[in-house]
């Protein structure tokens, strides 16, 4: 494990470690179109640029908070290990938000006309406190979808909704607001906005422990310090050497970055144009 290696005092420096991919537990589905694009990019660049983020869950298992598509791309490429940033679920600076999804008109119409089995529909604010999500149409109408109460059942219900909302050849747009006017300006094919209900960390853990995954791109974990720009060549992860030796070499890499003065901390919010 590489923890603040080479940094005087080491206070507040994120933990970087190499983990077997088999020990990483997913909490959400992967987006196969994004996975395919990542496999192509990783195959060309041969570099993992930003480490996925996990949290300690059990003695060996890590709960994957962010980076499901990157981990799945590595797994499909036959790479046994992944570089990750490890956080604590007890860190008060760790926040769990959620994305909203912009969908096309055809999928929004289908979801409004024929919601999945077991999902109840209410218009306006009725049933909204327990809503799985709300469908906001361009004309301002809102349809609330309510369903099961337990975390695993809610995750399964959200996946059924997500399957109807997905388009086979178009990515779902992820945004953090629910303003139809702004969506209309930035998404020309806006047919509906899926605004998801509250998702708690405990619900994520319960669903994952039961083997139920949330739809791709619903949760949005905010960590106090996110590592960006730590480029790790894929051959490092592919090497057939003991895991302990890989971890020792990672510690040396982290220490070298600090010693050379190439590490910077920026507290400002960041907008990424090439995610």
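With 268, 256 as the choices, which residue is farther than 21 Å from residue 77 by Cβ, at pLDDT below 95 and assigned to a loop (DSSP other than H, G, I, E, B)? Spell out how you get there, then give the answer.
On the way: 256 fails: assigned to a loop (DSSP other than H, G, I, E, B).
The conditions single out 268.
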**helices (runs of 4 or more DSSP H) completely within region 124-209 that count 3 or more residues being touching a residue at least 60 places away in the same chain (Cβ under 8 Å)** = 151-165, 201-209
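Please indicate, with yes or no, whether at least one residue in region 35-50 is farther than 21 Å from residue 230 by Cα, surrounded by fewer than 22 Cβ atoms within 10 Å (Cβ to Cβ) and either out of contact with any helix residue (DSSP H, G or I) (no Cβ under 6 Å at 6 or more places or on another chain) or modelled with pLDDT under 95 (or both).
Applying the first criterion (farther than 21 Å from residue 230 by Cα) to region 35-50 yields 36.
Applying the additional criterion that residues be surrounded by fewer than 22 Cβ atoms within 10 Å (Cβ to Cβ) yields 36.
Among the residues that remain, those that are also either out of contact with any helix residue (DSSP H, G or I) (no Cβ under 6 Å at 6 or more places or on another chain) or modelled with pLDDT under 95 (or both) are: 36.
Checking region 35-50: at least one residue is farther than 21 Å from residue 230 by Cα, surrounded by fewer than 22 Cβ atoms within 10 Å (Cβ to Cβ) and either out of contact with any helix residue (DSSP H, G or I) (no Cβ under 6 Å at 6 or more places or on another chain) or modelled with pLDDT under 95 (or both).
Determine which member of the set 190, 230 is in the same structural domain as residue 84 (by TED's automatic domain parsing) and either surrounded by 12 or more Cβ atoms within 10 Å (Cβ to Cβ) or modelled with pLDDT of 95 or more (or both). First the steps, then the outcome.
Working: 190 fails: in the same structural domain as residue 84 (by TED's automatic domain parsing).
Sole residue among the options that is in the same structural domain as residue 84 (by TED's automatic domain parsing) and either surrounded by 12 or more Cβ atoms within 10 Å (Cβ to Cβ) or modelled with pLDDT of 95 or more (or both): 230.
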**Item:** Breaking point among (1) touching a helix residue (DSSP H, G or I) at 6+ places or on another chain (Cβ under 8 Å); (2) assigned to a loop (DSSP other than H, G, I, E, B); (3) at pLDDT below 95; (4) closer than 30 Å to residue 14 by Cα, for residue 212
**Value:** (3)
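The values are calculated or read from the model by the stated rules, or taken from the named source; none is laboratory data. No experiment lies behind these values; they were computed from the predicted model shown. Because the Cβ atoms are built from the backbone with ideal geometry, glycine has one as well, and the counts that use them run over all protein chains shown.
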